[in-house]
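**Student:** One structure follows; several queries about it will come next.
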Amino acid sequence: MKVTVFGIGYVGLVQAAVLAEVGHDVCCVDVDAQKVENLKNGIIPIYEPGLTPLVKSNYEAGRLLFTTDAKAAVEFGEIQFIAVGTPPDEDGSADLQYVQAVARTIATYMPEPRIVIDKSTVPVGTGDKVKATIAETLAARGADIEFHVVSNPEFLKEGAAVSDCMRPDRIVIGTESDHVKDVMTELYAPFNRNHDRIIFMDIRSAELTKYAANCMLATKISFMNEMANIAEMVGADIENVRNGIGSDERIGYHFIYPGCGYGGSCFPKDVQALVKTSEQIGYDSQILKAVESVNAKQKTKLFELINRHFNGDLAGKTVALWGLSFKPKTDDMREASSRVLMELLWEAGAKVQAFDPEAMEETQRIYGSRADLNLMGTKEAALNGADMLVICTEWQSFRAPDFDLIKAQLAEPVIFDGRNLYDPQRLEDRGINYYAIGRGL
Ligand code: UGA
C-alpha cells in the first residue's frame, strides 16, 4: 500500500520505517529541509535503538522516501498520516496549529479520495475539527472529493519505539466507516498476527483512549511517589511496599517504580492537556491535577535531600550527576528531572559535573557553555573532585558501579539516588551515606 506520513518526529519516523519494513511504500514529508537531507544521507535526528539500520535499509530499498514537497506527498499515498507535534500552548492545551496546517495541505492537493489518519496525540474533538478543515478547504477549491478522518493514536515508548511499533499490544482505530476498517485492517495486517490486536471504536473514544492510557500511567507513578514520601516519614521501605502490592495482579508490577518524578514529551504534556480539556467542558479533574502537582514536587525531591544533608550550604559544592535524559535509552531531555535538579543546584551556587551515555549533546544544546556545568566523558570522570554523587536516570551502566572508586573520589562518601538502584544495607556496610526515594529505614 502507498502511505504518506506528515511529520518526521519520533512517532512519524518510527511508524514510517516500520511500515516500510513490512513492505508498504512510505513517503515521509517534513517542512525541515535539513532534516530531510540528513535522512537521505542516513543521519537520523533522534537516538532510538534499532531505528538507524531500519531507516537506512528501507531508504536504500526505495520503500522509504523523504521529501519536503507536500504536493507530491499528498499525491503519493491513499493513506495520509498526520504525525506532527502538538506542543502545549501557554495555558497547557494542546496546540493544534500544525495538525490543522497539515489537514489544509492535504485538502489543497488531494487529487482523489484520501484517508487521513491522526497519529498525533490530540484532544477529543480534533477529528471533527480536522474533518471541518478538510471540507472547507476542498469547498474553497470547488472540489468534491471523498475523504475519511481516522483517529489512530500511537502507544510507543521512547527507547523501545521500534519494537513497540513492530509488536503493538493494541491498535486502536477510531472510525465509523466500513471501507476505512477494511483498509486499516489490510495496512496493519503484518502487525496483527497470532491474535487480533485491532480495536475499532468511534473517533472520540479513540482520542480519549490515548489520554486515558498516559494519564493512568502517570497516576500510578505519582501515587507511588506519594507512597514513597509517606514510607520515608513512617520508617518503611517503599521497595518492600512495591513488591508487596505489585504481586496483586490487579495492581501489577509495571509503572509502580518510585523516583525523582516522571518526564518526557508525553506524560507531563498529556496530563496537562486533559486537565485543560476538562476545564473547558466545565469539569474539575481533581485526580489529574494532583498527579501533576505531586510530580512537580517530586522533581525537587533530590534537591531537598541534598540541601538538607548539606544544611543549606551548597555554594561552591561540586555535584557529580549521573543521568540526564528523562529515562534510559534515549537522549531526550524534555521535562527531565535532571533539569529541575541542575537549575536548583545552580541557583544555590553549586557546580555540576555530569555524565550521560546519550544525552550529553542535547544537554549542551539546551544549556550551552556555562562555568557551572561540566560535561564529562565517563561516569568515573564525573566523580573527580566532587562532593557528592547524584543519580537521576537508571541507565544500565549505573547499576553496578565500583563503589570503592566512588568512595575514593568523592570528598565525602554520599550518594543521592533518584531511581533506587542500590541496596541501602550494602552501601551502609561500605561506609557510604546513601539517600534514596522512600527508603525510610
Ligand atoms: C509514554 C507511554 O509509556 C507510552 O505508552 C506512550 O505511547 C508515550 O508516552 C506517548 O504518549 O508517546 P515515554 O514518554 O516514552 O512513553 O516514557 P515512559 O517509559 O512511559 O516513561 C515516562 C517517565 O515515567 C520517565 O521519566 C520514567 O522515568 C518515569 N517512570 C516510569 C517512573 O518514574 N516510574 C515508573 O514506574 C515508570
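**Student:** Using just the Cα positions, wrap the range 313-379 in a convex hull and report its mean projected area in square nanometres, one decimal place.
**Tutor:** That works out to 4.1 nm².
**Student:** Also: Hey, what's the Cα Rg ratio for the range 203-349 versus the globular rule of thumb, 2.2 N^0.38 Å?
**Tutor:** Ratio of Cα Rg to 2.2 N^0.38 Å: 1.16.
**Student:** May I pose another question? Could you name the aspartates and glutamates whose alpha carbon sits less than 13 Å from that of residue 289, not counting residues in the same chain fewer than 8 places away?
**Tutor:** The qualifying aspartates and glutamates are 270, 279.
**Student:** Tell me which of 139, 184, 44 sits at the most positive position along the dipole axis of the range 2-201, charges placed on C-beta atoms (Lys, Arg +1; Asp, Glu -1).
**Tutor:** 44
**Student:** Positive end of the dipole of the chain, charges at C-beta (+1 Lys, Arg; -1 Asp, Glu), about the Cα centre: which of 290, 421, 79 has its Cα farthest in that direction?
**Tutor:** The one lying farthest along the dipole's positive direction is 421.
**Student:** Right, another one. Using the Cα centre as the reference, give the magnitude of the dipole from point charges on the C-beta atoms of the range 211-297 (Lys, Arg: +1; Asp, Glu: -1; all else neutral), rounded to the nearest 20 debye.
**Tutor:** Roughly 220 debye for the range 211-297.
**Student:** Taking a threshold of 32 Å on the Cα-Cα distance, which of the pairs 35/297; 129/269; 119/327 fall above it?
**Tutor:** 35/297
**Student:** Could I ask something else about it? Rg(Cα) of the chain divided by 2.2 N^0.38 Å?
**Tutor:** Against the empirical 2.2 N^0.38 Å value, I get 1.07 for the chain.
**Student:** OK, next. When only C-alpha pairs under 8 Å and at least 6 residues apart count, what is the relative contact order of the range 211-297, in percent?
**Tutor:** Values: 82 pairs, mean separation 33.7, N = 87.
Relative contact order here is 39 percent.
**Student:** Give me the aspartates and glutamates in straight-line cross-link reach of residue 40: C-alpha distance below 20 Å, same-chain residues under 8 apart excluded.
**Tutor:** Output for residue 40: 21, 25, 30, 32, 48, 60, 69.
**Student:** Another question, if that's okay. Under 9 Å from the Cβ of residue 345, count the other residues' Cβ atoms, weight Lys and Arg +1, Asp and Glu -1, and hand me the total. Walk me through the intermediate numbers first.
**Tutor:** Working: positive: 317, 351; negative: 343, 347, 372.
Here the count lands on -1.
**Student:** As a quick test, which of the pairs 2/276; 299/379; 131/329; 220/407; 220/351 have an alpha carbon distance above 32 angstrom in this structure?
**Tutor:** 2/276; 131/329; 220/407; 220/351
**Student:** Going from the alpha-carbon gyration tensor of the range 211-297, what semi-axes, largest first and in whole Å, does one get by taking the root of 5 times each eigenvalue?
**Tutor:** 25, 14, 11
Taken together, the values in this text are just the output of simple stated rules run on the coordinates, not laboratory data. Just so we're clear, the structure is a prediction, and the values are computed from it rather than from any experiment. Ideal geometry is used to build each Cβ from the backbone, glycine not excepted, and the neighbour counts take in all protein chains shown.
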